[in-house]
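The block underneath contains the structure these notes are about, expressed in structure tokens.
The values are calculated or read from the model by the stated rules, or taken from the named source; none is laboratory data. These numbers were taken from a predicted model, which means no experiment stands behind them. Glycine gets a Cβ as well: all are built from the backbone with ideal geometry, and neighbour counts include every protein chain shown. These accessible areas exclude ligands, DNA and RNA; they are computed on the full protein's heavy atoms, side chains included. Shrake-Rupley method; radii C 1.70, N 1.55, O 1.52, S 1.80 Å.
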Amino acid sequence: MITFDRVSFTYHGAERPVLSGVDLRIGEGELCLVAGRTGVGKSTLLGAVNGLVPRFTGGRLGGRVTVAGTGTETRSPQEFAHLVGVVGQDPLAGFVTDTVEEELAYGMEQLAVPPETMRKRVEETLDLLGIAELRHRPLRTLSGGQQQRVAIGSVLTPHPAVLVLDEPTSALDPTAAEEVLAAVLRLVHDLGTTVLVAEHRMERVLQYADRLLHLPGDGTVRDGVPAEVMADSDVAPPVVHLGRIAGWHPLPLSVRDARRHAPALRAGLAGRLPPAPAPPAPGEPALAARKITVAYGRTVAVREVDLALRPGEVTALMGRNGSGKSSLLWALQGSGPRRSGGVEVAGEDPGDLPAHQARALVGLVPQSATDLLYLQTVAAECAQADAESGASPGTCRGLLDTLSPGVRGAAHPRDLSEGQRLALVLAVQLTAAPRVTLLDEPTRGLDYHAKRAFGRTVRDLAARGGSVLIATHDVEFVAATADRVTVLAEGEVVADGPTADVICSSPSFAPQVAKVLRPQPWLTPDQVAHALTAPEAAV
């Protein structure tokens, strides 16, 4: 179905190719997971399938890519729409209509699909992805996860033979991600659709993949059976790391596989416990929110929420898509609407202060971090942050060098990798030295290595007395980083407590290690490795 014949690609001005001599043969009805660290070329590989690379990116492409026998050099990406459906990392950027139903129908209109067929396919797709209740909703009023499901639906309605998905579950809660993946699997198994999916949260997809395409970063692509490629891959989900630590063979790709090996490991861990989290700092909270209510017209997004954030503590805000997490963050920061309630930080309500004063109390990195970047170079962004915050020159640049060393000052912010952009926006916010830092889905687009580095940054903020609130669906990041978890449902707090207590009691939010070693309270592979190598673990 898809053939890469000695394909190489180099971006304009780049010193070396992103892809080099790639040979691939992908058959009909295969689910291929594309893996690798941030910036190694996964999106480039996916974009080459229908000619978006190099037609819309520039650069030099060598070799030949064909889909169903048709070379991408002979037709434009529009002419591949009936063969290849593509969903990028930013679903909102790909929308061309106003409402969900219109967006699902748009692609079929361009392909001149008969109206009666269009109506039938729209209904099927609404049901397939569980978004029927969103039919008439304006696209810009949807949560990030809802937008992503609509974006996937919009390319499914023309019934393409190939589906290309770039980070399809990155903005979805665990349950919604399972629903989307279940729909994708039905397309593969029942309709023979060929699917290429790049996903940093490999724990969600790896167990379903027929093949793994691993990009090690030298321009090549390793192609093979997932278990074999995972043996020495530099990116791997927690369940694979656990298998490496325990010496399991073959390596497990799913919780189900791992639990078959788990009894001996649980026996070896008997009597040991992971380190207990530090108790909350005594004294007044860094931020106290009381009876916060946020409404958009008749829709109540947040309903009388009380929340106290303490110095030195990292709190994770979790809940399904549309539960009100982002609305609560903006209300706490002061820029978002509040129907009622109040927020107090150092005796002030950030919502009552001018922006330059409020940022010294609460800093917010939004879900689309690049929304805060508007200048032409990294150096200009850093200088502007220093000026707006009244900080000494070089403060923002110093923070950026700590978070992500080596970012060129002359680089355009939108040319940076996801991790570098996140580091830049975080540095801009931290320049004002806020008492409280709010982060909305900060790990989206980050590989496992980048997430570990970012987790250390978050822990450092807390260690210096700051308070951090992270809205996220990334249960593995929460397990490794957060002291406390607060869960929202329909705008109300339904759970609040220590991380292990909250996430281990939930089938949806439990990390892979907790599921494998249940009922023991382990959360991460690092905890297990430390316990097994501690002196008292020797036998």
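Taking amide H as placed 1.01 Å from N in the peptide plane, residue 364 has its amide H under 5 Å from the amide H of 438, each at least 5 places away in sequence or on another chain.
Considering only 38, 510, 93, the residue lying farthest towards the positive end of the dipole of the chain is 510, judged by Cα position with unit charges set on Cβ. Cα centroid separation, the stretch 445-496 to the stretch 508-529: 17 Å.
Using only alpha carbons, the stretch 1-47 has a radius of gyration to Kirkwood radius ratio (Rg to Rh) of 0.99. In this structure, residue 15 and residue 414 have a Cβ-Cβ separation that, at R0 = 25 Å, corresponds to a calculated FRET efficiency of about 0.80.
The 3J(HN,Hα) values that the Karplus relation (6.51, -1.76, 1.60; θ = phi - 60°) gives for the stretch 184-189 are, in residue order, 5, 5, 5, 5, 5, 7 Hz. Gly and Pro appear as x. Between the C-alpha center of the stretch 219-289 and that of the stretch 332-402 there is a gap of 35 Å. When the charge dipole of the chain is built from unit charges on Cβ atoms (+1 for Lys and Arg, -1 for Asp and Glu) and taken about the Cα centre, the candidate among 479, 8, 419 whose Cα reaches farthest toward its positive end is 479. Within the chain, DSSP assigns beta bridges of which about 50% are antiparallel (rounded to the nearest 5). Per the Cα gyration tensor, the stretch 1-119 maps to an equivalent ellipsoid with semi-axes of 28, 17, 14 Å, ordered largest to smallest. Peptides 287-299, 80-92 ranked from most to least packed, by the mean per-residue count of other Cβ atoms within 10 Å: 80-92, 287-299. Projecting the Cα atoms of 324, 351, 335 onto the dipole axis of the stretch 311-352, where Lys and Arg carry +1 and Asp and Glu carry -1 at the beta carbon, places 324 farthest toward the positive end. Here the Karplus relation 6.51 cos²θ - 1.76 cosθ + 1.60, evaluated at θ = phi - 60°, turns the backbone of the stretch 481-496 into coupling constants of 10, 7, 8, 9, 10, 10, 10, 9, 9, 6, x, 10, 6, 10, 7, 7 Hz, with x for every Gly and Pro. Summing Cβ point charges (Lys, Arg +1; Asp, Glu -1) relative to the Cα centre of the chain gives a dipole of roughly 600 debye.
Between residue 86 and 164, the built amide H atoms are under 5 Å apart, and every one of these is 5 or more places off in sequence or on another chain. Charging the Cβ of each Asp and Glu at -1 and of each Lys and Arg at +1, and nothing else, the dipole of the stretch 368-522 about its Cα centre rounds to 480 debye.
Residue-wise HN-Hα couplings along the stretch 507-513, as the Karplus relation 6.51 cos²θ - 1.76 cosθ + 1.60 with θ = phi - 60° gives them from phi, are x, 7, 9, 5, x, 4, 5 Hz; Gly and Pro carry x. Shown here: the stretch 185-259, whose C-alpha atoms stretch 39, 34, 18 Å along the first, second and third principal axes, sorted largest to smallest.
Near residue 495, the amide H atoms lying under 5 Å from its own belong to 487; only residues 5 or more places off or on other chains count, and H is placed 1.01 Å from N.
Per residue, the convex hull spanned by the alpha carbons of the chain comes to 153 Å³. Ordering of 263-274, 389-400 by packing is 389-400, 263-274, highest average first (other Cβ atoms within 10 Å, averaged per residue).
With all pairs of separate Cα atoms included, the stretch 96-183 yields a Kirkwood hydrodynamic radius of 13.1 Å. For the chain, 32, 504 have no disulfide-compatible partner, since no other Cys C-beta lies under 4.7 Å from theirs. Helical content alone sets the calculated 222 nm signal of the chain at -10000 deg cm²/dmol, taking -39,500 (n - 2.57) per DSSP H segment of four or more residues and averaging over every residue. Solvent-accessible surface of protein heavy atoms, probed at 1.4 angstrom with all chains present, puts 155, 239 in the order 155, 239, largest first. Charges were assigned to the Cβ only: +1 to each Lys and Arg, -1 to each Asp and Glu. The resulting dipole of the stretch 1-103 about its Cα centre is roughly 680 debye.
In the calculated pair-distance distribution of the stretch 181-309, the portion above 21 angstrom amounts to 64 percent of the Cα-Cα pairs.
What's the center-to-center distance, using Cα atoms, between the stretch 1-64 and the stretch 77-144 in Å? So the separation of the two Cα centres works out to 26 Å. Rolling a 1.4 Å probe across all protein chains gives residue 338 an accessible area of roughly 70 Å². With only the Cα atoms considered, the stretch 332-427 has a convex hull volume of 104 Å³ per residue. Expressed as a whole percent, the accessible surface of the stretch 251-363 that belongs to carbon and sulfur atoms is 51, based on a 1.4 Å probe.
Among the listed pairs 42/325; 325/515; 325/451; 42/451, those with a Cα-Cα distance over 28 Å are 42/325.
Residue ranking by accessible heavy-atom surface, 1.4 Å probe, largest first, among 1, 230 comes out as 1, 230. In this structure, residue 109 and residue 256 have a Cβ-Cβ separation that, at R0 = 41 Å, corresponds to a calculated FRET efficiency of about 0.45. Here each label is just a point 7 Å from Cα along the line to Cβ, and for residue 489 and residue 376 those points are 5.3 nm apart.
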